[in-house]
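The values are calculated or read from the model by the stated rules, or taken from the named source; none is laboratory data. Quantities reported herein were computed from a predicted structural model and do not represent experimental measurements. Please note: Cβ atoms are built from the backbone with ideal geometry, for glycine as well, and neighbour counts cover all protein chains shown.
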Number of protein chains: 2
Amino acid sequence: MRNIKLVLSYDGTEYSGWERQRDFRTLQQTLEAAVESLTGEAANVVASGRTDAGVHAIGQVANFRTNCRHDCETIRRALNALMPDDVRVLEAIEVNELFHATYAAKGKLYRYVMYDGLVMDPVLRRYALHCHWPMNATAMHAEARELMGSHDFSSFETAGAPRESSVRTITHVAVFRDGPERIWNRQSAISHQPSAISDSPLLFLEVSANGFLYNMVRAIAGTLIDVGRGYRPAGCISEILKACDRRRAGPTAPPHGLFLVRVDY
Amino acid sequence: MRNIKLVLSYDGTEYSGWERQRDFRTLQQTLEAAVESLTGEAANVVASGRTDAGVHAIGQVANFRTNCRHDCETIRRALNALMPDDVRVLEAIEVNELFHATYAAKGKLYRYVMYDGLVMDPVLRRYALHCHWPMNATAMHAEARELMGSHDFSSFETAGAPRESSVRTITHVAVFRDGPERIWNRQSAISHQPSAISDSPLLFLEVSANGFLYNMVRAIAGTLIDVGRGYRPAGCISEILKACDRRRAGPTAPPHGLFLVRVDY
């Protein structure tokens, strides 16, 4: 059988997350219905990870197996024609039969978008969290940097998804202000400028890691928002990490600010 | 009575335009309901112009009269609290009793957003027209420049809105590629760079004039899209202008790419 890798972009607003569910509209079900309609075969579309309800993606990766003979460009165009316009196939590529979007993933980049302007922008309201207080991006960045490296992140893991280990390695983390064009950038802001340079009301939290625990980026975002508005002191992230206790960290930030930006293999 | 000027931003997707209608959700009705709820008075909120169904604004201006004693910052916050999040009051200012948002307007800036990337971006799908062909922005800009100055624009006016005169003066017009941050920019791109500099899939048509005929920017956009895809030759805009015949111009482009950017008084 052929193995087709897809790169996907979606607006998660109207979806109950990635994973197929009996009574809700999900991304997996939408993709699988389109693949089944195209190929006439039962489809199983597997993603790099299951994004939650309301979470967006500009570079999700998925794959499925098929016996159909359409070339990849035809598959890409046909799937887009068969799906609603809030989910798009950016690329379709035939890959080695061993490729598996979940298990082959070596790392992912997530971006959490915040907006601390006085009045929320209607065009951005589905894609950024409105923070009702001026945020100190410099303090947020300094705390975020304490997350770099390998740690037990169980303080930032929502219960209910037991894993063998809650140790993960964060390879890039930054908080900075930037313009709206950053929302669409598939590269991480490796050379993050000091936040004071920009007076944009948009703040970005970027986290790259070899893997993420359940709700990990949203728990980190919620904690750093506490830092940004002055509710938590310098040094708090190190203490929260050491505690290995979810109750020590901040709230899980809402899903609509979160983007899965890229998956590396 | 006090006279309150509002600067408004809205996502027009879910509205049947500005003007109050019996059976449809409109911006005027939404604003008036909020003002009535705040002041306890019957409200008449007048805008600089009536944007059509589906058209967005980042700098619409409106005004209303009231005897209420709230300060302007309270009015701004209260109206935002009383309205859905796809319409926002950016500013509320007390102005001279003679100010009228419609009649005092000296000029407006509209922006039409197009996207000619292969795959439409789900996040941009409500705010830019997907052009399914590569667009020649340089040719579009050259034709657009023929619109500069005072002309009878009846070739770009949808019938059904008789006016005393169809002569208007365009003071700025440009077509250029730029990043998504341009969507939010309230300034016109006076120093427009040659389009070839940028490889962004986003194209912008900007038009400033002392007034606009019904559907004028959308008719100009539809005609320039014909130019951009090679359907109309150089010089066509001058001929269309001279003809004073709506049938000579291109189709009225869809509303979701259009933004009212700014109103000058």
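For the stretch B:237-259, indicate whether the set of residues that are under 17 Å from the mean Cα position of the chain (by Cα), touching a residue at least 40 places away in the same chain (Cβ under 8 Å) and part of a strand (DSSP E or B) is non-empty.
Yes: the stretch B:237-259 contains one or more residues that are under 17 Å from the mean Cα position of the chain (by Cα), touching a residue at least 40 places away in the same chain (Cβ under 8 Å) and part of a strand (DSSP E or B).
Can you pull out the residues in the stretch A:102-127 that are outside any loop (DSSP other than H, G, I, E, B) and either within 19 Å of the chain's Cα centre (by Cα) or in contact (Cβ under 8 Å) with a residue 24 or more places away in the chain (or both)? Talk me through it step by step, then tell me what you get.
Going residue by residue through the stretch A:102-127, those that are outside any loop (DSSP other than H, G, I, E, B) are A:107-115, A:122-124.
Passing the criteria: A:GLY107, A:LYS108, A:LEU109, A:TYR110, A:ARG111, A:TYR112, A:VAL113, A:MET114, A:TYR115, A:LEU124.
What number of residues within the stretch A:128-159 satisfy the criterion of being assigned to a loop (DSSP other than H, G, I, E, B) and more than 14 Å from chain B (Cβ to nearest Cβ)?
Qualifying residue count, the stretch A:128-159: 10.
B:TYR15 passes all but one of (1) among the aromatic types (Phe, Trp, Tyr); (2) within 14 Å of chain A (Cβ to nearest Cβ); (3) surrounded by fewer than 19 Cβ atoms within 10 Å (Cβ to Cβ); which number fails?
It is condition (3) that B:TYR15 fails.
Quick one: is A:GLU164 among the charged types (D, E, K, R), buried (at least 17 other Cβ atoms within 10 Å of the Cβ), closer than 23 Å to A:GLY107 by Cα and modelled with pLDDT under 95?
On the way: among the charged types (D, E, K, R): yes; buried (at least 17 other Cβ atoms within 10 Å of the Cβ): no; closer than 23 Å to A:GLY107 by Cα: yes; modelled with pLDDT under 95: yes.
Considered against the rule, which asks whether it is among the charged types (D, E, K, R), buried (at least 17 other Cβ atoms within 10 Å of the Cβ), closer than 23 Å to A:GLY107 by Cα and modelled with pLDDT under 95, A:GLU164 comes out as no.
Of all residues being farther than 20 Å from A:TYR10 by Cβ and part of a loop (DSSP other than H, G, I, E, B) in the stretch A:69-101, which is nearest to the other protein chains (Cβ to nearest Cβ)? Just the residue, please.
Selected residue: A:ASP71.
With the requirement that a residue be of a type outside the set (A, V, I, L, M, F, W, C) and either within 14 Å of chain A (Cβ to nearest Cβ) or assigned to a strand (DSSP E or B) (or both), what does the stretch B:162-181 give you? Quick ask: steps written out before the conclusion?
Taking the stretch B:162-181 as the starting set, the residues that turn out to be of a type outside the set (A, V, I, L, M, F, W, C) are B:162-166, B:168-169, B:171-172, B:177-181.
Answer for the stretch B:162-181, where residues must be of a type outside the set (A, V, I, L, M, F, W, C) and either within 14 Å of chain A (Cβ to nearest Cβ) or assigned to a strand (DSSP E or B) (or both): B:ARG168, B:THR169, B:THR171, B:HIS172, B:ARG177, B:ASP178, B:GLY179, B:PRO180, B:GLU181.
Just to check your reading of the model, which residue among A:ALA62, A:ALA42, A:ALA33 is small (Gly, Ala, Ser) and crowded, with 18+ Cβ neighbours inside 10 Å? It would help to see each step written out before you state the result.
Working: A:ALA42 fails: crowded, with 18+ Cβ neighbours inside 10 Å; A:ALA33 fails: crowded, with 18+ Cβ neighbours inside 10 Å.
Answer to the selection: A:ALA62.
Please go through the stretch B:102-119 and pick out each residue that is surrounded by fewer than 18 Cβ atoms within 10 Å (Cβ to Cβ), hydrophobic (A, V, I, L, M, F, W, C) and more than 10 Å from every other protein chain (Cβ to nearest Cβ).
B:ALA104, B:ALA105
Residues checked against (1) in contact with a helix residue (DSSP H, G or I) (Cβ under 9 Å, 6 or more places away or on another chain); (2) within 17 Å of B:ALA104 (Cβ to Cβ); (3) outside any helix (DSSP H, G or I); (4) of a type in the set (Asp, Glu):
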{"position": "B:THR13", "(1), (2), (3), (4)": "yes, no, no, no"}
{"position": "B:GLY17", "(1), (2), (3), (4)": "yes, no, yes, no"}
{"position": "B:ARG25", "(1), (2), (3), (4)": "yes, no, yes, no"}
{"position": "B:VAL35", "(1), (2), (3), (4)": "yes, no, no, no"}
{"position": "B:GLY49", "(1), (2), (3), (4)": "no, yes, yes, no"}
{"position": "B:ASP52", "(1), (2), (3), (4)": "yes, no, yes, yes"}
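Given (1) in a helix (DSSP H, G or I); (2) at pLDDT below 95; (3) buried (at least 21 other Cβ atoms within 10 Å of the Cβ), where does B:ALA196 come up short, assuming only one miss?
With respect to (1) in a helix (DSSP H, G or I); (2) at pLDDT below 95; (3) buried (at least 21 other Cβ atoms within 10 Å of the Cβ), B:ALA196 is out only on (3).
Does B:ALA81 fit the bill of being over 21 Å from B:TRP18 (Cβ atoms) and of a type in the set (Gly, Ala, Ser)?
The answer is yes for B:ALA81.
Inspect all residues belonging to the stretch A:60-68 and state whether any of them is touching a Cys at 6+ places or on another chain (Cβ under 6 Å) and over 24 Å from A:LEU213 (Cβ atoms).
Taking every residue of the stretch A:60-68 in turn, none turns out to be touching a Cys at 6+ places or on another chain (Cβ under 6 Å) and over 24 Å from A:LEU213 (Cβ atoms).
Within the stretch B:121-136, can one find any residue that is of a type in the set (Phe, Trp, Tyr) and within 24 Å of A:ASP121 (Cβ to Cβ)?
yes
Yes or no, residue by residue, for (1) at pLDDT 95 or above; (2) within 29 Å of A:ARG2 (Cα to Cα); (3) not assigned by TED's automatic domain parsing to the domain that holds A:HIS172:
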{"position": "A:GLY54", "(1), (2), (3)": "yes, no, yes"}
{"position": "A:ILE58", "(1), (2), (3)": "yes, yes, yes"}
{"position": "A:HIS70", "(1), (2), (3)": "yes, yes, yes"}
{"position": "A:ILE75", "(1), (2), (3)": "yes, yes, yes"}
{"position": "A:ASP86", "(1), (2), (3)": "yes, yes, yes"}
{"position": "A:HIS100", "(1), (2), (3)": "yes, yes, yes"}
{"position": "A:ARG125", "(1), (2), (3)": "yes, no, no"}
{"position": "A:CYS131", "(1), (2), (3)": "yes, no, no"}
